[in-house]
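Trainee: Let me begin by handing over the structure; questions about it come next.
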Amino acid sequence: MSKKLLLKNAHIEGIRYYETYRKHGGYESAEKAFKMKPEEILEEVKISGLRGRGGAGFPTGLKWSFLAKPEGVPRHLVVNADESEPGTFKDRYLMEFLPHLLIEGMLISSFVLGSNVSYIYIRGEYSWIPDILEEAIEEAKAAGFLGKNILGSGFDCEIYVQRGGGAYICGEETALLESLEGKRGNPRLKPPFPAVKGLWERPTVVNNVESIAAVVPIIEISGAEYAKIGVGKSTGTKLISACGNINKPGVYEIDMTITVEEFIYSDEYCGGIPNGKKLKACIPGGSSVPIVPANLLLKTINGEPRYMNYESLADGGFATGTMMGSGGFIVLDEDQCVVNHTMTLARFYNHESCGQCTPCREGTGWMYKILKKIEKGEGKMEDIDLLWDIQRKIEGNTICPLGDAAAWPVAAAIRHFRDEFEWHVNNPELSQTQNYGIANY
Ligand code: NAD
Ligand code: SF4
């Protein structure tokens, strides 16, 4: 059984409220942290090996150490709660059921970074959660954990919740900052990174909800103990939101030592695939990461079991591996059609492109149109090669990672499931009434 750090108290009734949270050890990490110097806390986070849980896996302690500290310029912590990656809903769970864990993590992190005004930017579709967060903020303030001179330290901190308008692109950190400043959420060119020029051109750290929540157990058990959980550079625990063709969809906390097979089939996690169907493929890290077929999902190219961690999922590069990403684990059984699935994603990315760069603005629409044609049985063999060519021209040629995120699913689908694309071309009539999966199994 995986060790629980973030969700260990999630089952306790009323844990969402300050009193219950406090009774079960809440804010003890904050009390401990406020007896330490900010540099000592930063060192603990570095030692813990915590990697950003939003998707990129960038070391959190290193990111914090990049924060510029020009004299007299305010600095900010911004929590990215714009969780919009299809298949990803673990931050929603944390904010809905454990809001004080996030507030406590933000308090400690703001103390380290010297942020007197910190923000939570939350996706517009999570319409009921800002009230939960604001209530928790008020409770924390009333208990002296936010506001002026927290725990007699002389440190002041306020937290504000800002609702987004429902655009996927506002999850990209610089688009998020633009939106927070009241502008259209267009990504900025990097560098400069937000750590140097962020919110209102001030040094800013943007971190995912889960990354900030993880600071609480790190301070509780120490960075060194946190680093002992997991394996290699995949330290600590990770929340996975599992969905698709599985018996038990939900949010699971894993310690990154379990195999993918165990995660899908064990009753502790996904509980297997409904109706005894076979596993076809999986997208383990949210819709932007490459789809992997069952044979490469359960084992690496060398025949080793594949594990639920950053390194093992990526083993073999994009040709045979994938990515941990945001931990949005989407399972496809044998009845699913990869062409249909890829077309749905292409439509999503085309709709969400901000339109600033030509390869993304034009390419995503072009890919969607071709995929729609193939899926309807109106495509030609050359269209598959054209699709491949377009995704190659998008990848790496855009301002922000949305371009790559639109290109990778198409590339992986053609690489691993070209037969399904060809079936649609060769079976125009069947394509209109059946999908590949149902017609072929
Ligand atoms: P990134 O690798 O560009 O950056 C990671 C972080 O490190 C950023 O905060 C960046 O500012 C910082 N950083 C990197 N180099 C730096 C430097 N030299 N100096 C200072 N700071 C530096 O990735 P990203 O654009 O932040 O995120 C992309 C990921 O987001 C994708 O892998 C995808 O999985 C994920 N994603 C998640 C969601 C979701 O809902 N959780 C949605 C879309 C995409
Ligand atoms: Fe906008 Fe797409 Fe360019 Fe990102 S890659 S800046 S979403 S056009």
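Trainee: Any residue at all in the range 39-56 that is part of a loop (DSSP other than H, G, I, E, B), open to solvent by 50 Å² or more (accessible area, probe 1.4 Å) and closer than 25 Å to E173 by Cβ?
Mentor: yes
Trainee: So which residues in the range 59-85 are part of a loop (DSSP other than H, G, I, E, B), crowded, with 16+ Cβ neighbours inside 10 Å and touching a strand residue (DSSP E or B) at 6+ places or on another chain (Cβ under 9 Å)?
Mentor: L67, R75, D82, E83, E85
Trainee: Identify all residues within the range 256-279 that are in a loop (DSSP other than H, G, I, E, B) and either under 23 Å from R53 (Cβ atoms) or among the β-branched types (V, I, T) (or both); write none if there are none.
Mentor: M256, T257, I258, S266, E268, Y269, C270, I273
Trainee: Now, a different point. Taking into account only those residues within the range 86-125 that are within 14 Å of ligand 1 (Cβ to nearest atom) and either more than 18 Å from the chain's Cα centre (by Cα) or at pLDDT below 95 (or both), which is surrounded by the most Cβ atoms within 10 Å (Cβ to Cβ)?
Mentor: Ranking the candidates gives S109 first.
Trainee: Across the range 303-316, what is the total count of residues that are within 20 Å of the chain's Cα centre (by Cα) and not in a loop (DSSP other than H, G, I, E, B)?
Mentor: Counting residues in the range 303-316 that are within 20 Å of the chain's Cα centre (by Cα) and not in a loop (DSSP other than H, G, I, E, B) gives 6.
For (1) assigned to a strand (DSSP E or B); (2) within 16 Å of ligand 1 (Cβ to nearest atom); (3) open to solvent by 30 Å² or more (accessible area, probe 1.4 Å), each residue gets a yes or a no:
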residue	(1), (2), (3)
C282	yes, yes, no
I301	no, no, yes
F318	no, yes, yes
T322	no, yes, no
T344	no, no, yes
N350	no, yes, yes
G355	no, no, no
P359	no, no, yes
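Trainee: Okay, moving on. Cβ contacts < 8 Å: first residue over 16 Å from S431 (Cβ atoms), restricted to the range 359-387; second residue in a helix (DSSP H, G or I) and open to solvent by 80 Å² or more (accessible area, probe 1.4 Å), any location; separation 6+ or different chain. Result?
Mentor: Here the result reads P359/K393; G363/K393; Y368/R347, each pair linking the range 359-387 to a residue that is in a helix (DSSP H, G or I) and open to solvent by 80 Å² or more (accessible area, probe 1.4 Å).
Trainee: Okay, next question. Go through (1) more than 24 Å from L189 (Cα to Cα); (2) touching an Asp or Glu at 6+ places or on another chain (Cβ under 6 Å); (3) within 16 Å of ligand 2 (Cβ to nearest atom) one by one and return the number of the condition E395 breaks.
Mentor: Every listed condition holds for E395 apart from (1).
Trainee: Then there's this: Among the candidates C270, C243, single out the residue that is touching a Pro at 6+ places or on another chain (Cβ under 8 Å), open to solvent by 20 Å² or more (accessible area, probe 1.4 Å) and closer than 28 Å to A81 by Cβ.
Mentor: Among C270, C243, only C243 is touching a Pro at 6+ places or on another chain (Cβ under 8 Å), open to solvent by 20 Å² or more (accessible area, probe 1.4 Å) and closer than 28 Å to A81 by Cβ.
Trainee: Would you mind telling me which numbered condition in (1) modelled with pLDDT of 95 or more; (2) open to solvent by 10 Å² or more (accessible area, probe 1.4 Å); (3) within 16 Å of ligand 1 (Cβ to nearest atom); (4) among the hydrophobic types (A, V, I, L, M, F, W, C) L296 fails?
Mentor: Single failed check for L296: (3).
Trainee: Given the condition among the small types (G, A, S) and closer than 22 Å to C170 by Cβ, answer yes or no: does some residue in the range 65-80 qualify?
Mentor: Within the range 65-80, not a single residue is among the small types (G, A, S) and closer than 22 Å to C170 by Cβ.
Trainee: Looking only at helices (runs of 4 or more DSSP H) that fall completely inside the range 383-441, which ones have 3 or more residues that are surrounded by 23 or more Cβ atoms within 10 Å (Cβ to Cβ)?
Mentor: Correct list: 402-426.
Trainee: While we're on this one: Condition first: open to solvent by 80 Å² or more (accessible area, probe 1.4 Å) and out of contact with any Lys or Arg (no Cβ under 9 Å at 6 or more places or on another chain). Now tell me which residues in the range 25-38 satisfy that.
Mentor: K32, K35, K37 - these are the residues of the range 25-38 that are open to solvent by 80 Å² or more (accessible area, probe 1.4 Å) and out of contact with any Lys or Arg (no Cβ under 9 Å at 6 or more places or on another chain).
Trainee: When the residues of the range 365-378 are filtered to those that are open to solvent by less than 10 Å² (accessible area, probe 1.4 Å) and touching a Lys or Arg at 6+ places or on another chain (Cβ under 9 Å), which remaining residue is nearest to ligand 2 (Cβ to nearest atom)?
Mentor: L371
The values are calculated or read from the model by the stated rules, or taken from the named source; none is laboratory data. All values reported here derive from a predicted model rather than from experimental measurement. Every residue, glycine as well, gets a Cβ built from its backbone with ideal geometry; the counts of neighbours run over all protein chains shown. With ligands, DNA and RNA removed, areas are computed over all heavy atoms of the protein, side chains included. Shrake-Rupley method; radii C 1.70, N 1.55, O 1.52, S 1.80 Å.
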